[in-house]
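Have a look at the structure below before the remarks.
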Amino acid sequence: MGNTKRRKPQPRRRMRPAIVAVTVLLAGLVAGLFMVLRDDLPDAQDILTSSPSGAAGRLTVTYPLDGTLFPPEIVAPTFVWDDRSAGVDRWFVVTQFGDGEPPFMFSASERRWRPSEQDWAQIKRRSLEKDATVVVAGVDSRDPAKILSSARVRIQTSTDEVGDSIFYREVPLPFLSAVRDPSRIRWRFGSIDSEAAPPIVLQDLPVCGNCHSFSANGRVLGLDVDYGNDKGAYAILPVAKEMRLDDSKIITWADYKRDDGELTFGLLSQVSPNGRYVVSTLKDRSVFVATPEITFSQLFFPIKGVLVTYDRETKSFQPLRGADDPEFVQSNPTWSPDGKRLIFAKAKVYQAERISQIQSILLSEKEVPEFVSEKRPFRYDLHTIPFNDGQGGTPEPLPGASGNGMSNYFPKYSPDGKWVVFCKARSYMLLQPDSELYIMPAQGGEPRRLRANTPRMNSWHSWSSNSRWLVFSSKWNTPYTQLFLTHIDENGEDSPPVLLERFTATDRAANIPEFVRLAPDEITHVREEFLDAYSFLRAGEANERTGDHAGAERAFRRGLKVEPSNPDLLNALGWTLFQQARTAEAIEQFEQALRANPKHAKANNNLALALIDRGDPARAVEAYRASLAVEPKAEIYSDLGFVLQQLGRKDEAIDSYRKAIDLDPECGPAHFNLAVALLGEDKFEEAALHYEKAIAASPSAEAHNGLGFVLDKLGKNVEAIAQFRRAIEVDPAYVPAYNNLGEVYVKEGKLDDAVSAYRDSLKQRPSAAIRTDLATALWKQGKTQDAIRELQDALKVDPGNARARHKLEAMRGAQMAAGKAGVE
């Protein structure tokens, strides 16, 4: 980055004060070398005393901030500044110390500068518990002796070491990409004294891994994993240099009250300080919305849940009494250093009639628009509760972090038990742009906003084991979350943020940092050994649901390497190939699945769809019948009937539709398809009945239009018009409804309405046939020229349209006859 060799003072044009040690950043630039050799450089003392004013002095040091306190073991930071002063193209950085020794001076050709390892060691030594003043001065390289801009900050080096290593997760953004391909999530472990990024210790999991936590001594690691078919799976590992993540290390939160039929994930789990217990939010339900936007690409917060502990010694689950009230969401628990108390976030459970009917744990944007689009607030208060060997007790609001009109969450005790740092935001939890860190006494009190807060999102914090440093996440500089440090003294006073710039990759967000009281080489690799074929199936299905067919294919093929004849994986791979229009390959996979398991109903169904796509409906019928022989399902009978109808086997088709309805009287597709078949046999009354049932099961433009068509056949024009209009309301782009509406209006003599309907149809899709119908309506209105123009336009679109040509000839003939009659 720079040249650390000292150079002797060069002869000056005018007298200069004391000798100055100067390091010049050459940066490989000829201009920089030329400048170094000049003898009219500014003097360090001139820079230290400079104070440009007015428009010329627009320089601001953006990092580090004034008053920043650095850990003694941290690697050199990058000093960054913004300079809008006219004519400035080079800068000098001068660092002055309080030890009476000469300052350092460096040169930079960019608006940033990073000291060499040796220079930074000197700066830290000379600023230990003492202010060092760093002045950045801007000059024009053509006249470098004249200082055009300057700014200064004070920095110090603490005597308090961080001491601990940091374990954290890196996630690709937007978060939706991690959902599609969880294998891109990775975990790093390392210390702040390394020039290199912390080593990756866990990666390439095809299933989602989320929150992690450690015991106080760093010897027990807990990690959320999506294992098998269980979203509630949780891994608990004894920490070692090489760790094996296998079946024996995994529990499932779903084992708690499994018989009640209520699903659970296990949310924001925390290992106890002694490593014996884990506490988690169970029977949970959360708002979860992932968006394509990068900076804040998910909205996630729990609206339901109780706290439950797992005892590793007895291998048993137990609700934490006092934090298991089903009327409240109790989440985000954290242990006191002695393990005798917990703090957790609490709010009234959010209840709505439609939500109570939903089985999913995660609620999507469509299911909770009140939070996503309407921004309805949801806020938490912090409560404390005794652990009492798992028996719990009476929860009490934590003074200063409850009842304040804000959402309070992510509390963390300092290891010495003196302080609690927590987050406050206007609403919700996780990834809130306005989230800020506050500190207060552990027993509660007046919270103080941390000086270290950045302007955008401050969260995911952890204390060092000596209670002197806090690591936290922020989006201050970039959409990709970075990690920062702040020093907290014995009075709870903190310092400006220190960026861990080596901890953030350019394509990942760094989050969930946790200080671990271990050397950086005490965890080198976490090897997964629990993944089976079904794990890859789950991972691929998650990708499939988000439309990431390529990611799904990768996961399914990895699973087939584990178990080449797994029929579920073969079927799933076939389906994702079919979605990519690779029909021949898809058929091959479905056939392999059926060789492995001839009674695999889904593979038969999917094979039928692929055969239809390839133009082989006869074999599709055989596949559907094979599926129904194993698993009779209404929708499959309906699909079979549709294919039979396409083959002209109408009686068999109608029989298949009736079997579907016998199995499920509310099967909308079967009612719709049966109505179409009955319509073809002029059984209008019965067809109308089934269209009505199809609409009741699943309203669609097609069903409303079909019912309107039947009602028109039955002479019920008013009712028909209502159905066509309803079809258009359901789907304003559904052209057949406009056309049918126009036709009925003509019959009713409502020519203005007919013309309007035909014109609306043409806005959706140009059609020579509809222009001909429009021309007919216009002719009946007496608008001959308009009618002729429409027919001419119809013939431009379709020159061979005989109906339009005959109409045009007839209209012109009538027009000529009318003209003759007028002359005579």
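The values are calculated or read from the model by the stated rules, or taken from the named source; none is laboratory data. For clarity, every value in this text was computed on a predicted model and none was experimentally measured. All Cβ positions, glycine included, derive from the backbone under ideal geometry; neighbour counts span all protein chains shown. Side chains included, ligands, DNA and RNA excluded: accessible areas come from the protein's heavy atoms. Shrake-Rupley method; radii C 1.70, N 1.55, O 1.52, S 1.80 Å.
Computed from the C-alpha gyration tensor, the three semi-axes of the ellipsoid equivalent to segment 125-273 are 46, 20, 14 Å, from longest to shortest.
What translational D, rounded to a whole number of µm²/s, comes out for segment 43-146 from Stokes-Einstein when the hydrodynamic radius is the Kirkwood one over Cα pairs, at 4 °C and 1.567 mPa s? It diffuses with D of about 90 µm²/s by this estimate. The Cβ shell under 11 Å around Ala688 holds other residues with a net charge of -1, Lys and Arg each +1, Asp and Glu each -1. Taken over segment 248-327, the ratio of Cα radius of gyration to 2.2 N^0.38 Å equals 1.25.
Here the spin labels are modelled as points 7 Å beyond Cα on the Cα-Cβ line, and at Arg258 and Gln351 they lie 3.0 nm apart. Every Cα-Cα pair in segment 679-809 was counted, and those over 26 Å apart are 27% of them. With the convex hull constructed from alpha-carbon coordinates only, segment 220-286 shows a mean projected area of 5.0 nm² over all directions. Listed by chain and number, the lysines whose alpha-carbon sits under 29 Å from that of Lys747, ignoring those within fewer than 8 places in the same chain, are Lys683, Lys693, Lys713, Lys716, Lys763, Lys780, Lys783, Lys796, Lys807. Rounded to the nearest 20, the size of the Cβ-charge dipole of the chain about its Cα centre is 2380 debye, with Lys and Arg at +1 and Asp and Glu at -1.
For the peptides 348-357, 612-621, residues were scored by their other Cβ atoms within 10 Å and the scores averaged per peptide; the highest-first order is 612-621, 348-357. For segment 449-530, averaging the sequence separation of C-alpha pairs within contact (under 8 Å, six or more residues apart) and dividing by the residue count gives a relative contact order of 29 percent. As a calculated quantity, the FRET efficiency between Arg812 and Lys780 at R0 = 25 Å, using C-beta atoms, amounts to about 0.90. In the full protein context, the chain carries 44 Å² of accessible surface per residue, based on a 1.4 Å probe and ignoring ligands, DNA and RNA. If you look at the Cα atoms of the chain, you get an Rg and a Dmax of 36.5, 121 Å. The C-alpha atoms of the chain define a longest principal axis, and helix 601-614 lies at about 70 degrees to it. The distance separating the Cα centre of segment 678-728 from that of segment 746-789 comes to 24 Å.
Applied to segment 254-262, the Karplus parametrisation 6.51 cos²θ - 1.76 cosθ + 1.60 on θ = phi - 60° returns per-residue 3J(HN,Hα) values of 5, 6, 6, 6, 4, 6, 6, x, 9 Hz, with x for Gly and Pro. Along segment 535-549 the Karplus relation, 6.51 cos²θ - 1.76 cosθ + 1.60 evaluated at θ = phi - 60°, assigns HN-Hα couplings of 4, 5, 4, 4, 4, x, 5, 5, 5, 4, 5, 9, x, 8, 5 Hz to successive residues, with x for each Gly and Pro. The peptide list 246-259, 634-647, put in order of mean Cβ contacts within 10 Å with the highest first, becomes 634-647, 246-259. The relative contact order of the chain comes to 7 percent, based on Cα pairs under 8 Å that sit 6 or more residues apart.
Other residues whose C-beta falls under 14 angstrom from the C-beta of Asp798 contribute a net charge of +3, scoring Lys and Arg +1 and Asp and Glu -1. For the chain, give the percent of accessible area contributed by carbon and sulfur heavy atoms, probe 1.4 Å, rounded to a whole number. So the carbon and sulfur contribution to the accessible surface is 50 percent. The order of the peptides 520-531, 366-377 by mean Cβ neighbours within 10 Å, most packed first, is 520-531, 366-377. Taking the centroid of alpha carbons for each part, segment 152-225 and segment 554-614 are 38 Å apart.
Taking R0 as 30 Å, what's the FRET efficiency between Ser565 and Asp662 from their Cβ-Cβ distance, rounded to 0.05? Given R0 = 30 Å and the Cβ-Cβ separation, E is 0.25. Count the net charge of all other residues whose Cβ sits under 14 Å from the Cβ of Ala754, scoring Lys and Arg as +1 and Asp and Glu as -1. In short, -2.
As a length-normalised measure over Cα pairs under 8 Å and 6 or more apart, the relative contact order of segment 216-321 settles at 19 percent. Would you kindly calculate the mean projected area, averaged across all directions, of the convex hull enclosing the Cα atoms of segment 325-373, in square nanometres? In nm², the orientation-averaged hull projection of segment 325-373 is 4.7.
Amide H contacts of Leu148: Gly138, Val139, Asp140, each under 5 Å away and 5 or more positions distant or on a separate chain (H built 1.01 Å from N in the peptide plane; Pro and chain starts excluded). Computed with a 1.4 Å probe on the full set of protein chains, the accessible area for Asp773 sits at about 40 Å². Counting 0.36 nm for each residue step from Gln579 to Ala722 and taking away their Cα separation leaves a gain of 47.7 nm. In order along segment 281-288, phi translates into HN-Hα couplings of 8, 10, 6, 8, 8, 9, 6, 9 Hz, rounded to whole numbers, per the Karplus curve 6.51 cos²θ - 1.76 cosθ + 1.60 with θ = phi - 60° and x for Gly and Pro.
For the chain, what is the mean residue ellipticity at 222 nm derived from helices alone (per DSSP H run of n ≥ 4: -39500 (n - 2.57); sum divided by total residues; nearest 500 deg cm²/dmol)? Taken over the chain, the calculation gives -10500 deg cm²/dmol. Using the alpha carbons alone, the radius of gyration of segment 570-647 stands to its Kirkwood radius in an Rg to Rh ratio of 0.95.
Pairs of C-alpha atoms in segment 218-364 farther apart than 24 Å represent 35 percent of all such pairs.
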